[in-house]
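For reference, the structure discussed in these notes is given below.
The values are calculated or read from the model by the stated rules, or taken from the named source; none is laboratory data. Remember, it's a predicted structure, so these values are computed and weren't measured experimentally. Positions of Cβ are backbone-derived with ideal geometry, glycine not excepted, and every protein chain shown enters the neighbour counts. For accessibility, only protein heavy atoms count, side chains too; no ligands or nucleic acids. Shrake-Rupley method; radii C 1.70, N 1.55, O 1.52, S 1.80 Å.
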Amino acid sequence: MDKFFKLKENGTTVTTEILAGLTIFLSMAYILFVNPNILVTAMAPGAEVGSAVYNQYFGALMVATIFGAAAATLVMGLYANYPFALAPGMGLNAYFTYTVVLKMGIPWQVALGAIFVEGLVFVLLTLSGARTFVVKIIPQNIKFATSAGIGLFIAFIGLKSANIIVANPATFVGLGDLTKPDALLAIIGLILTGVLFTLRVPGSILLGIILTTIVGAFPVFGVTHYQGIVGKIPNIAPTFMKLQLSWGDLLSGSFWVVVLTFFFVDFFDTLGTLTGLAQSAGFIKKGESDFPRSNRAYMADAIGTSVGALFGTSTVTTYIESETGIAQGGKTGLTAVTVAVLMLLMLFFSPLGLTIPAAATAPALIFVGSLMLKNLVHITWEDTTEALPAFITIIMMPLTYSIANGIALGLVAYPLIKVFSGKGKDVHWFNWILALAFVYYLIFLQH
């Protein structure tokens, strides 16, 4: 393993990598149950929760989620040798269900076909080097902002899942009831995690999740509910290889609108996530615009998307929760392989995964989000033409609940602010093309 993953060269050990993988897995295991819950609405509309039809599709979708995530993460670990995990993306699964299938009326089988095509397009772009070119063209301050914006985004996700932040009709968001069990447990978990990390306790973030889960089992909280250990593997037949592609679909304008929308969101969501994670982990060296083997990392995402569609799940993308493993010391593909193995084990131990409450993983997301803000010091704040687009990128990620939207708005603002400030010569010609493409995406494809 040392020779294959270059553990000594990267200053890590097998134990550290496995702990990092376990930490990432626990922080993103929710997707194994949340993703099927969203997609089942598209594939079995009207089916009541608990009914035979609902359970049939839910089980198949859980297996599809596991296989899609594990396949992509294995490619990331074994081929790219990076500690990044992948799974069906939140937001993209909602777009699949509520917009493409329910609103546009496109059969879910055809929608899966669109995702499969999008994955193949990604493979071609990656092989051609187009994705690497785009990464190099994006301004350095936008890259620093992407990492910090992702930090705020995942912290926001953690605060929301613990009900520390809740919806408010007057102000959009507001402070939740901190005396409620889940919010109080998350606060305790955050303090525990912070103290353990400060004291340099090995596996502090993972230990924080475990301890918080145990505390949540006490009657005063009643948040942790033991669901058992071993479960039966569901039948994947209802979704496996059910995607549909015909000449009629390929000649349909609405089909390509779906492909294009999935493409835009997935491309820049992945670009932003990988750049932010690589920046945070120190894989992008000072003075460089990209990280080594980036094409391999992008290929993992592309392959995962097409493979996921074959199994029956929506677009697979790199997960920002990977930062929890990086903070835990994960530096190589062994971390990713660990996540993939744990994903596959969930085929047999899904009840155990259901035991860990969202209030126990929320502190890890909030804490790691705070660690990712360190890149703010590298932004050129004294130059408004650099600082303002960076700020827009940062603030719009959590406020629009989308990494892609944050990058899009930042890259639209960048050339406009530059040119009207008399610094148009600083803008690469391709940034104008990106800005125009993003204007189209923000105005037309978002709606």
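The combined condition, being in contact with a strand residue (DSSP E or B) (Cβ under 7 Å, 6 or more places away or on another chain), among the polar types (S, T, N, Q) and at pLDDT 80 or above, is not fulfilled by Thr335.
Restricting attention to the range 205-215, does a residue exist that is open to solvent by less than 20 Å² (accessible area, probe 1.4 Å) and assigned to a loop (DSSP other than H, G, I, E, B)? Scanning the range 205-215 turns up no residue that is open to solvent by less than 20 Å² (accessible area, probe 1.4 Å) and assigned to a loop (DSSP other than H, G, I, E, B). Beta carbons closer than 7 Å, at least 6 apart along the sequence or on distinct chains, pair a first residue in the range 142-161 that is under 13 Å from Ala404 (Cα atoms) with a second that is modelled with pLDDT under 85 and outside any helix (DSSP H, G or I) for Ile150/Ile320; Phe153/Ile320.
The number of residues in the range 339-365 being of a type in the set (S, T, N, Q) and closer than 21 Å to Val201 by Cα comes to 1.
Every condition in (1) at pLDDT 85 or above; (2) farther than 22 Å from Thr270 by Cβ; (3) open to solvent by less than 50 Å² (accessible area, probe 1.4 Å) holds for Ile18 except the one numbered (3). On the stretch given as the range 255-298, residues that are among the aromatic types (Phe, Trp, Tyr), open to solvent by 20 Å² or more (accessible area, probe 1.4 Å) and under 20 Å from Thr315 (Cα atoms) total 3. Between Val101, Val117, Val123, the distinction of being in contact (Cβ under 8 Å) with a residue 12 or more places away in the chain, closer than 17 Å to Gly308 by Cα and open to solvent by less than 30 Å² (accessible area, probe 1.4 Å) belongs to Val117 only. Within the range 25-57, the set of residues being without any contact (Cβ under 8 Å) to a residue 40 or more places away in the chain and of a type outside the set (S, T, N, Q) comprises Pro36, Val40, Ala44, Gly46, Ala47, Glu48, Val49, Gly50, Ala52, Val53, Tyr54.
Of all residues in the range 388-415, those being open to solvent by 10 Å² or more (accessible area, probe 1.4 Å), at negative phi and not polar (S, T, N, Q) number 12. Annotation for the range 171-183: at least one member residue is out of contact with any strand residue (DSSP E or B) (no Cβ under 9 Å at 6 or more places or on another chain), open to solvent by 30 Å² or more (accessible area, probe 1.4 Å), more than 21 Å from Val368 (Cβ to Cβ) and assigned to a helix (DSSP H, G or I).
Just one of the listed residues (Thr146, Thr132) is under 22 Å from the mean Cα position of the chain (by Cα), outside any strand (DSSP E or B) and surrounded by fewer than 24 Cβ atoms within 10 Å (Cβ to Cβ), and it is Thr132. Would you check if Glu9 is farther than 25 Å from Trp108 by Cβ and either surrounded by fewer than 19 Cβ atoms within 10 Å (Cβ to Cβ) or of a type in the set (Val, Ile, Thr) (or both)? Yes: the conditions hold for Glu9. What number of residues within the range 285-334 are under 27 Å from Pro139 (Cβ atoms), aliphatic (A, V, I, L, M) and not in a loop (DSSP other than H, G, I, E, B)? Residues in the range 285-334 being under 27 Å from Pro139 (Cβ atoms), aliphatic (A, V, I, L, M) and not in a loop (DSSP other than H, G, I, E, B): 6 in total. What do you reckon, is Ser294 of a type outside the set (Val, Ile, Thr) and touching a strand residue (DSSP E or B) at 6+ places or on another chain (Cβ under 9 Å)? No, not satisfied. Put simply, of Pro389, Pro363, Pro351 the only residue that is touching a helix residue (DSSP H, G or I) at 6+ places or on another chain (Cβ under 8 Å) and either farther than 21 Å from Ile142 by Cβ or of a type in the set (Ser, Thr, Tyr) (or both) is Pro363.
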